[in-house]
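What follows draws every value from the coordinates through simple rules; no lab data is involved. This is a predicted model, so every value here is computed, not measured. Every residue, glycine among them, receives a Cβ derived from its backbone with ideal geometry; neighbour counts consider all protein chains shown.
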Amino acid sequence: MIPKTKQQKHIIDLHGKLPAITEKQKQWAFNNCFDKKGFHSKGSVWCLHCGEVFKMDTSELMISVVGDKAICPKCGTLLKLENSRKTKYKESWYYSIITRIEDYQVCRHFVVEKTMSKYTQCLKEPYYWIQEAVQNWIDKKGKETIVARPCKCIPRVYDAWNFAKPMEIRLRGHSLYYHTHDKYDIDAKHIYPYRNIIPQLKRNGYTGHFHGISCSELFKLLLSDKEAEILAKNKQYDLLRYKWKRNYKEVCVPFSHSLRIANKNKYIIKDASMWIDYLHLLNHFNLDTHNAHYVCPKNLKAEHDRLLARKQRIEAKKELKKRIAEAQKWEAKYQETKGKFFGICFGNEDIVITVIQSVAEMAEEGQAMHHCVYSMEYYKKPNSLILSAKDKAGNRIETIEIDLKTFKVVQSRGVCNKNTEQHDEIVKLVQDNIKLIKQAA
Ligand SMILES: [Zn+2]
């Protein structure tokens, strides 16, 4: 777009004054952006560093099987081997140069490409190509202006830069597809090590590392956000990442008072989300989040896990209480609907089968048998009658469910839902006595 504001006009003016990429900067990219590797197929290796094709003798083959590496006899490069029969190779990467002009921090992003062909004479040696695609101009207050090439419309490619067109001011518009990557936020694998940095960034905590954040994003964050600046200066880089990922632009990271204590004690938070969870747990148990003893634990994970387990235990107890109270409400209803079956009792010399006479008894049965007859609320089911089979000593053997519409045994299960040795005997006993239930129904 045509520059509209005064600042945009000024940036386009400065853009024209930026020097072209130097030979040294290019060479650095060619040497560093591409892994030293070779394509390996049937004992033969194509060196993607110099183009040499060489056979590996068996002893070397042994090494390559173990270490996946080989040394090219021509260029002497230690190559990482990839199994591939390809005869053409093309790879491209983003490469960034960080520079400044006047008060602007400028992130210049280039696309660097390497092409080789095993059998085409002119491409036997690597051919390198480099072009600039995007510049993030960041002023000393962290305001960003994009100068970039336009993109060609290629489905599923978000960054098909059209290098035939000039670089112009671009607006960071909303993408049609919310999941596509922001093409102007480039996190290059390689950044030229010699950087020209505006003093405001150095003052605000930039030390030359990016901590997993792209350069333009980090610069904007450090220049525009006081909290980010404090985090960086106190080396709380995981919290800085945490803040950046969650887009805490106007809101602060929670528990800023605890963070101040951590900073004062030079306590570095290595796992920000665990630390914040932990502070929520401290709060939950009314433990003092203003106290360094709690805020800066020696072993964060152990303390976090201990409190979490405590919370889960309490919640499980509460849940159980709630369920028992709920079940008690059903006791009267159970007596009313199933009471007519309560006298039923049958069996043989080894087994006694009775109808379960209350919700409380069903809870007991479920607990003793470790199955779900109680927790799945069988006492609420109008067409389900639950019986308990016990041995002569009164030990529970299986729990039986009968369908009151069909008068069939739906299931009969022992401890932990397993069948017992007496399973068939029990089912047969119930079927033989089903008339007792039919009569009572
Ligand atoms: Zn080589």
Leaving out same-chain residues fewer than 8 places away, which aspartates and glutamates sit with a Cα under 20 Å from that of LYS317?
-> ASP305, GLU326, GLU361, GLU364, GLU365, GLU377
The FRET efficiency for ARG323 and LEU171, from their Cβ-Cβ distance with R0 = 56 Å and rounded to 0.05, is 0.50
Find, to one decimal place in angstroms, the Kirkwood hydrodynamic radius of the range 131-271, where the mean of 1/r is taken over every pair of different Cα atoms and then inverted.
-> 16.8 Å
Loop-located GluC sites (Glu not before Pro) in the range 65-158 whose Cβ has at most 16 other Cβ within 10 Å (DSSP) = GLU102
Three-way shape label, the range 335-440, alpha-carbon gyration tensor, a/c 1.5 | rounded
Check the straight Cα-Cα distances from LYS141 and name the lysines below 21 Å, setting aside those fewer than 8 residues away within the same chain.
-> LYS4, LYS6, LYS9, LYS202, LYS220, LYS226, LYS233, LYS243, LYS245, LYS249
Taking R0 as 35 Å, what's the FRET efficiency between ASP350 and LYS405 from their Cβ-Cβ distance, rounded to 0.05?
-> 0.70
By the scheme Lys and Arg +1, Asp and Glu -1, what is the net charge of all other residues having a beta-carbon under 12 Å from that of THR337?
-> +3
Going out from 0 in 10 Å bins, what whole percent of all Cα-Cα distances in the chain drops into each bin?
-> 4, 14, 14, 12, 13, 12, 11, 11, 7, 2, 0
Spacing of the two label points (7 Å from each Cα toward its C-beta) at HIS209 and HIS290, in nm = 3.3 nm
Quickly work out the GLU82-to-CYS50 label distance, labels modelled 7 Å from Cα along the C-beta direction, and quote it in nm with one decimal.
-> 2.1 nm
Which chymotrypsin sites (Phe, Trp or Tyr not before Pro) from the range 190-244 combine a DSSP loop assignment with at most 11 other Cβ atoms within 10 Å?
-> TYR194
Subtracting the Cα-Cα distance from 0.36 nm times the residue separation, let me have the gained length for LYS266 to LYS438 in nm, one decimal.
-> 54.2 nm
Low-density loop positions, trypsin sites (Lys or Arg not before Pro), the range 243-336 - DSSP coil, at most 13 other Cβ in 10 Å | ARG246, LYS249, LYS266, LYS270, LYS298
Using a cut-off of 22 Å between alpha-carbon atoms, which lysines can reach LYS118, once sequence neighbours fewer than 8 places away in the same chain are excluded?
-> LYS36, LYS37, LYS42, LYS55, LYS69, LYS74, LYS80, LYS86, LYS88, LYS90
At what distance in nm do the modelled label points of LYS301 and ARG246 sit from each other, each positioned 7 Å from its Cα along Cα→Cβ?
-> 2.1 nm
Residues TRP93, TRP46, sorted so that the one with the fewest Cβ neighbours within 10 Å comes first = TRP93, TRP46
Spin-label proximity, THR22 to the range 183-197 - amide N less than 20 Å from point 7 Å beyond Cα toward beta carbon | 190-197
For the chain, what's the relative contact order in percent, using C-alpha pairs closer than 8 Å and at least 6 residues apart?
-> 8 percent
